[in-house]
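The values are calculated or read from the model by the stated rules, or taken from the named source; none is laboratory data. Remember, it's a predicted structure, so these values are computed and weren't measured experimentally. FYI the Cβ positions are ideal-geometry reconstructions off the backbone, even for glycines, and counts take in every protein chain you see. The protein model used for the area step is the full one, side chains on, heavy atoms only, and it has no ligands, DNA or RNA in it. Shrake-Rupley method; radii C 1.70, N 1.55, O 1.52, S 1.80 Å.
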Amino acid sequence: MLLKALDASISGIILTDNRLPDNPIIYCNKAFEIITGYDRSEIIGHNCRFLQKEDRDQKERAILRDAIKNGKNCVVDIRNYKKDGTFFYNELFMSPIKDENGKVNYFIGVQNDVSLRKKAEQDLRKQQELMEKRVAERTQSLKENEDYLASIVQTVRESLIVLNPEFKVLSVNDHFLKTFKVTTEDTEGRLLYELGNGQWNIPALKELLESILPTNNPVEEFEVEHDFPYIGKKLMILNAHRIELEGQYKDRILIAIEDITDRREIERRKDDFLSIASHELKTPLTTIKGLVQIMQRMVPPGLDEKFSSVLDKTGVYVDRLNNLIAELLDVSRIQTGNIELHKDLFDFDKAVHEAVETIQVATKSHQIKISGSTNENVSADESHIVQVINNLLSNAIKYAPDHKEIDVYLSRVSNFVKLSVKDRGMGIRVEDHKKIFDRFYRVGDIQQRFPGMGIGLYICDQIIKNHGGTLWVESELGQGSVFSFTLPLNKHAA
Ligand code: ADP
């Protein structure tokens, strides 16, 4: 029964006799025959080493030898070969059978073909090695990318701060440290509002930053002036955004700080210069204008026609120069907040008709057509509003040299009067729509073809804003332009 039980096992089992020379096999079960392909009669009397064929150089053999010598148990995965030469991994459990004196008489060997498991293990190991290699490569390339980005961040000439949702500083770049004369330890991990002597504790900024995380609304062009302990007064422009990675908002805020102290100072000096220069030019020009008028009156009858015509032309050019200087003075008045409005009720439609007529008289090249009406009296500074209308009309003429129709539309919209000037000229790219209302901005390479200083629309915009209205443009390149403005009728709004 015991022999039958042994033959029923799926593990190969052998017995070796340690008392005989070379420890030969004295028994093997059925499974051993199936695993190795040898018949019982071929192996009885042999030492087990035939299972390794020529593959003798295996450390597992030394483990086995050692266990046999010391009469101990051992388990090894050893490379074996079947009778037909097929390789298999043999998981061999070897155990001594001792007599009552402790002498090892026999060894039992239990074996299983574990080639499949071994292969799976090897494949897994290879896969792991491959994965590790890939991870190492990716890590390396990520690190290179990170270094690359970090070097950009460190080189930009803007101060950058990254904050967490509690407004603690996570990191700052070198430019920040240099500009505000602080160290990394002074900043990282601290609350933005507690940095330095609380220099960033600005209520308006706090309010804006607090609205970024919940709404994702960026803070743009926020101007801050602050007196810093070591570096003095600084004028800065702040832009703050919630950091977005792969389309997902992260709970981090990036603040970019541009120091515009020097730029503002230069702008201020330029404005001062313009203001002084225009004042200085205005005085002699007024005298010249007066003298030309005297000469015009003094022309004796019967004098050469040419003389009068030269004098008249001189008068026209003096007037033109006068207007240019007046515009420059307007700019400096706006800059210093000294623009004065003298508001009175006047008939808006009548003022528009008169302004159009004056311009129409002076231009033969264009035809200005008025349609619509407001039938309203507005409370505004008439001369300034006429100045705006003149400016829009002269631009429509100037920038549409080959298209003679210009339309002026008048309407009342809600409690506003609205005026639009439409030309069919060169038009304006959408990217320039906002910029043309900036001081001294002229589109592209316009200077060679059309003279001008780029301040007319700036002045118009300021005048309309000061009246509580808006001025805007609708245009496309090559499609003509429509400039419109509104003025409020409501006395409170005005
Ligand atoms: P200027 O005419 O002296 O350049 P403005 O402030 O009046 O100054 O205009 C600013 C710029 O806007 C102009 O240089 C021109 O490029 C553009 N612009 C103004 N009006 C028109 C218009 N009607 N059509 C096309 N471009 C215009």
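Counting only protein heavy atoms and using a 1.4 Å probe, what share of the accessible area of the chain belongs to carbon plus sulfur, as a whole percent?
Values: 16200 of 30050 Å².
With neighbouring chains kept in place, the figure for the chain is 54 percent.
Expressed in nm², what is the orientationally averaged projection area of the convex hull enclosing the Cα positions of the stretch 213-315? Present the calculation step by step, with values, prior to reporting the outcome.
Values: hull surface 56.1 nm².
Mean projected area of the Cα convex hull: 14.0 nm².
Highest first, please rank the peptides 121-133, 76-88 by the mean number of other Cβ atoms sitting within 10 Å of their residues. Intermediate results must be reported in sequence, preceding the final value.
Numbers: 121-133: 10.3, 76-88: 15.5.
Put in order of decreasing packing, that is 76-88, 121-133.
Gain in length, Asn322 to Gln140, computed as 0.36 nm per residue apart minus the alpha-carbon separation, to one decimal in nm?
Details: separation 182, 0.36 × 182 = 65.52 nm, distance 6.86 nm.
Here the answer is 58.7 nm.
Let me understand the stretch 357-424 better: what is its radius of gyration from the alpha carbons, and its Dmax, in angstrom?
Cα only, the stretch 357-424: 12.6, 37 Å (Rg, Dmax).
For the stretch 58-155, compute Rh as the Kirkwood radius over C-alpha pairs and then the Stokes-Einstein diffusion coefficient at 20 °C and 1.002 mPa s; write the answer in µm²/s, rounded to an integer. Before the final figure, lay out each step's value.
Details: Rh = 17.8 Å.
Translational D for this selection: 120 µm²/s.
Holding the Cα-Cα limit at 28 Å, pick out from Lys404/Lys435; Lys270/Lys404; Lys364/Lys434; Lys30/Lys98; Lys119/Lys143; Lys343/Lys398 the pairs that are longer than that. Before the final figure, lay out the partial values.
On the way: Lys404/Lys435 26 Å; Lys270/Lys404 38 Å; Lys364/Lys434 31 Å; Lys30/Lys98 25 Å; Lys119/Lys143 36 Å; Lys343/Lys398 30 Å.
The answer is Lys270/Lys404; Lys364/Lys434; Lys119/Lys143; Lys343/Lys398.
Report the rotationally averaged projected area of the stretch 90-233 based on its alpha-carbon convex hull, in square nanometres.
Details: hull surface 77.1 nm².
Average of the hull's projected areas for the stretch 90-233 equals 19.3 nm².
Can you give the relative contact order of the chain as a percent, counting alpha carbon pairs under 8 Å and 6+ residues apart?
Working: 755 pairs, mean separation 33.5, N = 494.
About 7 percent, as a whole number.
Could you work out the mean projected area of the convex hull around the alpha carbons of the chain, in square nanometres to one decimal? Let's see the in-between values first.
Numbers: hull surface 197.9 nm².
Across all orientations, the chain yields a mean hull projection of 49.5 nm².
So what are the stretch 269-428's ellipsoid semi-axes, whole angstrom, largest first, if each one is the square root of 5 times an eigenvalue of the alpha-carbon gyration tensor?
Working: eigenvalues 199, 112, 56 Å².
Rounded to whole Å, the semi-axes are 32, 24, 17.
Give me the extension gain from Val224 to Asn415: residue separation times 0.36 nm, minus the current Cα-Cα distance, reported in nm with one decimal.
Using 0.36 nm per residue and subtracting the Cα-Cα distance, I get 65.1 nm.
Once all Cα-Cα distances of the stretch 2-113 are split into 5 Å bins that start at 0, what whole-number percent is in each one?
Pairs per bin, as whole percents: 2, 12, 22, 27, 21, 11, 3, 1, 0.
Could you give the length gained by full extension between Ile108 and Asp147, i.e. 0.36 nm per residue of separation minus their alpha carbon distance, to one decimal place? Numbers along the way, then the final one.
Values: separation 39, 0.36 × 39 = 14.04 nm, distance 6.29 nm.
Extra length available between Ile108 and Asp147 comes to 7.8 nm.
Taking a temperature of 10 °C and a viscosity of 1.306 mPa s, what whole-number D in µm²/s does Stokes-Einstein yield for the stretch 344-488 with Rh from Kirkwood over alpha carbon pairs? Show your work: numbers first, answer last.
On the way: Rh = 15.3 Å.
The estimated diffusion coefficient comes to 103 µm²/s.
Run the paramagnetic zone check for Ile243: 7 angstrom along Cα to Cβ, then residues of the stretch 155-175 with backbone nitrogen under 13 Å.
From the stretch 155-175, the list is 160-173.
For the stretch 48-54, what does the Karplus curve 6.51 cos²θ - 1.76 cosθ + 1.60, with θ = phi - 60°, yield as ³J(HN,Hα) per residue in whole Hz, taken in order and with x for Gly and Pro?
Each residue of the stretch 48-54 in turn: 5, 4, 4, 5, 8, 6, 8 Hz.
What does the charge count around Val331 come to, taking other residues whose C-beta lies under 14 Å from its C-beta (Lys +1, Arg +1, Asp -1, Glu -1)?
Working: positive: Arg268, Lys270, Lys282, Arg333, Arg439; negative: Glu267, Asp271, Asp272, Glu327, Asp330, Asp438, Asp461.
Summing Lys/Arg as +1 and Asp/Glu as -1 gives -2.
Taking 1 over the mean of 1/r across every pair of different Cα atoms in the stretch 266-336, what Kirkwood radius in Å do you get? Mind dumping the intermediate values first?
Values: mean 1/r = 0.0726 Å⁻¹.
Taking the inverse mean of 1/r over all distinct Cα pairs, the stretch 266-336 comes out at 13.8 Å.
With viscosity set to 0.692 mPa s at 37 °C, what whole-number translational diffusion coefficient in µm²/s follows for the stretch 156-259 from Stokes-Einstein and a Kirkwood radius over Cα pairs? Please list the in-between numbers first.
Details: Rh = 13.8 Å.
In µm²/s, the coefficient is 238.
Grab the beta carbon distance between Asp55 and Val156, set R0 = 56 Å, and tell me the FRET efficiency rounded to 0.05. Please list the in-between numbers first.
Numbers: r = 65 Å, r/R0 = 1.16.
Efficiency computed from Cβ-Cβ geometry: 0.30.
Where only protein heavy atoms count, and the probe is 1.4 Å, what is the accessible area per residue for the chain in Å²?
On the way: 30050 Å² over 494 residues.
Averaged over the residues of the chain, the accessible area is 61 Å².
May I ask you to derive the FRET efficiency for Ser11 and Lys250 from their Cβ-Cβ distance with R0 = 56 Å, giving the value to the nearest 0.05?
Numbers: r = 58 Å, r/R0 = 1.04.
After rounding, the FRET efficiency stands at 0.45.
Place a point 7 Å from the Cα of Tyr441 along the Cα-to-Cβ direction; which residues of the stretch 152-185 have their backbone N under 19 Å from it?
none
Note down the nm distance, to one decimal, between modelled labels 7 Å out along Cα→Cβ at Asn377 and at Leu116.
Calculated label separation equals 10.5 nm.
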